[in-house]
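Down below is the structure, laid out as structure tokens.
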Amino acid sequence: LFEFRIEKVCPTTRARAGKIITPHGPVPTPTFAPVGSQGTVKTLTPDELRELGTHILLGNAYHLMLRPGVEVIRKMGGLHRFMGWDGPLITDSGGYQVFSLARLRKVSDEGAFFRSHIDGSEHSLSPEKAVSVQEALGADIAMALDEPPAFGGGREKVEEATRRTYLWAERCLAAHREGALFGIVQGGTFPDLRRESALALASLDFPGYAIGGLSLGEPKEITWAMLDICTENLPPHKPRYLMGMGSPEDLVEGVARGVDLFDSALPTRVARNGGLYTSIGRVNIEKAEFREMGGPLEDGCPCYTCRHFSAAYLHHLFRAQELLALRLATLHNLSFFMRLMADMRRAILEDRFALFRQEFLARYRPTPEEARLAQKQRWLKERL
Ligand SMILES: [Zn+2]
């Protein structure tokens, strides 16, 4: 059971509103999937996620495969039951983490051989294994194994990764038996490779398509140009998923370009570092300006945190490194993201998305590029 219904297309942008039907219920689109790498969206319960308006979660095959192991989760009745989430679940193939987090030993057409970042044990991931792992987890939407080329790797490397991604997509499709499997478009920052990758994958007739390998350090204009090429060359009646991009301005620009589904660890990770989203941009709650702010972080914010606590209290919790700080900040940020998605969906349905986008971009000040990259570098270093 998998279906995508388009309810409305924006007359002036490529934005659309629709519904993805899965065995665990419908997902109104466009939508944002919070990331639950280890079978949990850090600090929140499934009930809290529901209450925030979450329709679908993302689980990481790589993390779950290494710990607790797919066999354990299968014996516990699958990932839905194990983590207590009865709504739709997407899993990634594990490819991204193998190429970014694990100690990679060797990649060939056969698959990737790597050492676990946890204990150094040796593992392999082939297209067939990526599919069987995700099926054992019980994913409603699984992803084909892909090779994300490193940004700035040069044309030859990107060509090779794009070719291999296609080869692996074919093998994933052949191995796949349950749930919906999405193909992933690669092609780096080369317009012709992006187009070729999108067309080749489209010919394989997946029920949905993801766009990978973007926002890896390239300038934003290039990100959007590449995304345009992908969405122009993918079948219009199938859902499109932009992987791993999720700042508020990215979500608005992605929706305008015809993306239906997003995932990103950004709102939850930023929250744990004291970064909170407001309608005019992201703020750092640890800054002195919040020390005596008696009102909520944002007036009118309907989230649990803003309804019950002052910005001054949040500031204090972060300064004192209290655990509640992480929960309250995560609740606020996910509430902000879920409302942004719901507002966009409503705007598309009511034929006023172009105006919504214009007003949002005029009001919202994106986090400066240098601050964003510096933070990304810090996170990458922490992980290694
Ligand atoms: Zn709030």
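Using Cβ point charges alone (K and R +1, D and E -1), the dipole size of the stretch 1-108 about the Cα centre works out to roughly 460 debye. A simple packing score, the average count of other Cβ atoms within 10 Å per residue, orders the peptides 16-24, 138-146, 198-206 as 138-146, 16-24, 198-206, with the highest score first. Here's the picture: a label point sits 7 Å out from the Cα of Ser132 along the beta-carbon direction, and within the stretch 67-99 the residues with their amide nitrogen under 12 Å of it are 71.
Between the alpha-carbon centres of the stretch 1-58 and the stretch 82-112 there is a gap of 20 Å. Taking a sphere under 12 Å around the Cβ of Gly18 and counting the other residues whose Cβ falls inside, with K and R at +1 and D and E at -1, yields a net charge of +4.
Per the Cα gyration tensor, the chain maps to an equivalent ellipsoid with semi-axes of 32, 24, 21 Å, ordered largest to smallest. Given a cut-off of 31 Å, name the pairs among Lys42/Lys381; Lys220/Lys381; Lys8/Lys129; Lys157/Lys220; Lys129/Lys381 whose C-alpha atoms lie farther apart than that in the structure shown. From the list (Lys42/Lys381; Lys220/Lys381; Lys8/Lys129; Lys157/Lys220; Lys129/Lys381), the Cα-Cα distance tops 31 Å for Lys8/Lys129. Projecting the Cα atoms of Ser197, Ala225, Leu373 onto the dipole axis of the chain, where Lys and Arg carry +1 and Asp and Glu carry -1 at the beta carbon, places Leu373 farthest toward the positive end. Look at Arg194, Arg105 and count the other Cβ atoms within 10 Å of each Cβ; fewest to most, that gives Arg105, Arg194. Taken about its Cα centre, the stretch 121-182 carries a charge dipole of about 120 debye when Lys and Arg each add +1 at the Cβ and Asp and Glu each add -1 at the Cβ. Applying a DSSP loop filter and a limit of 15 other Cβ atoms within 10 Å to the GluC sites (Glu not before Pro) in the stretch 297-383 leaves Glu322, Glu350. Put in line by how crowded their Cβ is, counting other Cβ atoms within 10 Å and starting with the fewest, Asp260, Asp228 read Asp228, Asp260. Averaging the sequence gap over all C-alpha pairs within less than 8 Å and six or more residues apart, then dividing by the number of residues, gives the chain a relative contact order of 17 percent. Relative to the Cα centre, the charge distribution of the chain, modelled as +1 at Lys and Arg Cβ and -1 at Asp and Glu Cβ, gives a dipole magnitude of about 540 debye. Pairs of Cα atoms in the stretch 257-346 fall into 5 Å distance bins, from 0 up to the last occupied one, in shares of 3, 14, 26, 26, 15, 8, 5, 3, 1 percent. When shorter helices are ignored and each DSSP H run of at least 4 residues is given -39500 (n - 2.57), the per-residue value for the chain at 222 nm works out to -13500 deg cm²/dmol. Placing pseudo-labels 7 Å out from each Cα toward the beta carbon at Glu122 and Gln377 gives an inter-label distance of 3.6 nm. Mean sequence separation of contacting Cα pairs (under 8 Å, at least six apart), scaled by the length of the stretch 276-363, corresponds to a relative contact order of 26 percent.
Laboratory data are not the source of any read-out in this text; all were calculated from the coordinates shown. As the structure is a prediction and not an experimental result, all values here were calculated from the model. Cβ: placed from backbone, ideal geometry, glycine included. Neighbour counts: every protein chain shown.
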